[in-house]
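**Student:** Here's a structure for you.
The values are calculated or read from the model by the stated rules, or taken from the named source; none is laboratory data. These figures come from a predicted structure and were not determined experimentally. So basically every Cβ, Gly included, is an ideal-geometry build from the backbone, and we count neighbours across all protein chains shown.
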Amino acid sequence: MPELPEVETTLRGIEPHLRHQRITSVVVRQPRLRWPVTEALSRVKNSAIHSLHRRAKYLLIETDHGHLIIHLGMSGSLRISDPERPLRKHDHVEFKLSSGKVLRYHDPRRFGAVLLTDEPPEQHKLLSNLGPEPLSADFNGEHLFRASRQRKIAVKNLIMDGHIVVGVGNIYASEALYLAAVRPAKAAGRVTAKRYDEIAAAIKKVLGDAISMGGTTLRDFVNTDGEPGYFQQTLNVYGRKQQPCRQCGTAIKLKVIGQRSTFYCPRCQH
DNA sequence: CCGGACTCCTGGGTGC
DNA sequence: TGCACCCAGGAGTCCG
């Protein structure tokens, strides 16, 4: 399940293979993704790729004929491949490149998206109301503190709200709150400024470490079937229900918050 | 505006 | 080994 570090790792993996390329054709095998992949996508045929960027978990590919906006949902991946390589089940969209390689979008659960927009991507409605990037200087404890006043939602839901800060998925939300020693269910409006400093720092650490890890284990994105080095970092709480806390030995608890599994140490986190 | 529920989908795990 | 069942999850959308 790609979280922000995996999306960043994907970007870094495919970027060298797409830079200075032209898209020579587009094949859509399964148009039913999060939003239908329409015929309009074929407009990128015969256009040059100028740049790749990431905003939140969206990959943005600038071409002569608009920006491709790609989201991996929770099971999506992008891979550079040789065209004669056999298709895998769920290889839904393919871009042929002037290099002779192809970029394949693969997504078993089809929660992802492949869109094309004429607008500057930051003005697209999916991107226009997003909060700051978690690793940017705009994101800090003060930002969280201000955004959380009068809010009754659980602090975990606050940090997972893309309007507040982008890129904090379910796994890293639990991990960051563990590092910050804050109970996930605590009302966001009742968390102090000081503790938001710790939460912001923990988010930066968890995501930053995961990106470094992705970078160091980055596989060749060409012709690999395996996933790149996702989740190699040691998780402290996520998925560790009933297992001992690494700091104090207390059994890790599982609690569903906002329909999502949430893990925490009842002794270390308050 | 806010909070919470619902929704899309398939693979993997479990229990019988 | 097969089958029914349940669950996971990003994030947009809807409802009260």
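**Student:** Within region A:181-213, which residues are farther than 20 Å from A:V237 by Cβ and part of a loop (DSSP other than H, G, I, E, B)?
**Tutor:** Passing the criteria: only A:T192.
**Student:** Checking A:I159 against (1) away from DNA strand B (no atom under 16 Å from the Cβ); (2) crowded, with 20+ Cβ neighbours inside 10 Å; (3) at pLDDT 95 or above, only one condition comes out false. Which one?
**Tutor:** (1)
**Student:** What number goes with the only condition from (1) under 18 Å from the mean Cα position of the chain (by Cα); (2) closer than 19 Å to A:E122 by Cα; (3) buried (at least 18 other Cβ atoms within 10 Å of the Cβ) that A:E3 does not pass?
**Tutor:** A:E3 satisfies all of (1) under 18 Å from the mean Cα position of the chain (by Cα); (2) closer than 19 Å to A:E122 by Cα; (3) buried (at least 18 other Cβ atoms within 10 Å of the Cβ) except (2).
**Student:** Ok, one more. When the residues of region A:6-55 are filtered to those that are within 16 Å of DNA strand C (Cβ to nearest atom) and assigned to a helix (DSSP H, G or I), which remaining residue is surrounded by the fewest Cβ atoms within 10 Å (Cβ to Cβ)?
**Tutor:** Looking at the filtered set, the residue picked out is A:L11.
**Student:** Would you be able to tell me the number of residues in region A:144-176 that are under 17 Å from A:P266 (Cα atoms) and out of contact with any helix residue (DSSP H, G or I) (no Cβ under 6 Å at 6 or more places or on another chain)?
**Tutor:** Going through region A:144-176 one residue at a time, the tally reaches 2.
**Student:** Select from region A:134-154 the residues that are more than 11 Å from DNA strand B (Cβ to nearest atom) and either hydrophobic (A, V, I, L, M, F, W, C) or in contact (Cβ under 8 Å) with a residue 24 or more places away in the chain (or both) and list them in ascending order.
**Tutor:** Across region A:134-154, the qualifying residues are A:P134, A:L135, A:A137, A:F139, A:N140, A:G141, A:E142, A:H143, A:L144, A:F145.
**Student:** Looking only at residues in region A:69-102 that are in a strand (DSSP E or B) and within 16 Å of DNA strand C (Cβ to nearest atom), which one is surrounded by the most Cβ atoms within 10 Å (Cβ to Cβ)?
**Tutor:** Per the criteria, the residue is A:I70.
**Student:** Same structure, new question: Determine which member of the set A:I23, A:I14 is in the same structural domain as A:P108 (by TED's automatic domain parsing), of a type outside the set (S, T, N, Q) and either on the phi > 0 side of the Ramachandran plot or modelled with pLDDT of 95 or more (or both).
**Tutor:** Sole residue among the options that is in the same structural domain as A:P108 (by TED's automatic domain parsing), of a type outside the set (S, T, N, Q) and either on the phi > 0 side of the Ramachandran plot or modelled with pLDDT of 95 or more (or both): A:I23.
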